[in-house]
Amino acid sequence: MRLIEEYKVRADSNGYADSGEVGYVRRHRSRLNLALRAVVAARRALVKFREERRIKDAVLHKIAAELDLEEFRLHLLLGP
């Protein structure tokens, strides 16, 4: 479901970009940048939890892999 919503937003963004609606595209990019900062913060918290022995290595690796994928996805959406 999340993927479908993301593609709807991307399609809308492209439509607004074509129509000259710059504000919408800026807001969309701002949301993506905010999500990227949230991933970075989550990764820091994850490492801190591991250092404090609140989570095991296996949990760290599983969640870190999910964060890696999300970070990659966000960078793709933001583009060059």
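The values are calculated or read from the model by the stated rules, or taken from the named source; none is laboratory data. Predicted, not measured: the structure shown is a model, and the values here were computed from it. Heads up, the Cβs are rebuilt from the backbone with ideal geometry, glycines too, and the neighbour counts pull from every protein chain shown.
Annotations for the structure displayed:
- Count - residues of region 1-54 that are in a loop (DSSP other than H, G, I, E, B) and modelled with pLDDT under 95: 3
- Within region 45-80, tally of residues that are over 30 Å from Y7 (Cβ atoms), surrounded by fewer than 13 Cβ atoms within 10 Å (Cβ to Cβ) and either within 18 Å of the chain's Cα centre (by Cα) or not hydrophobic (A, V, I, L, M, F, W, C) (or both): 7
- Close pairs from region 23-48: first closer than 16 Å to A65 by Cα, partner β-branched (V, I, T), Cβ under 6 Å, at least 6 apart: L46/I63
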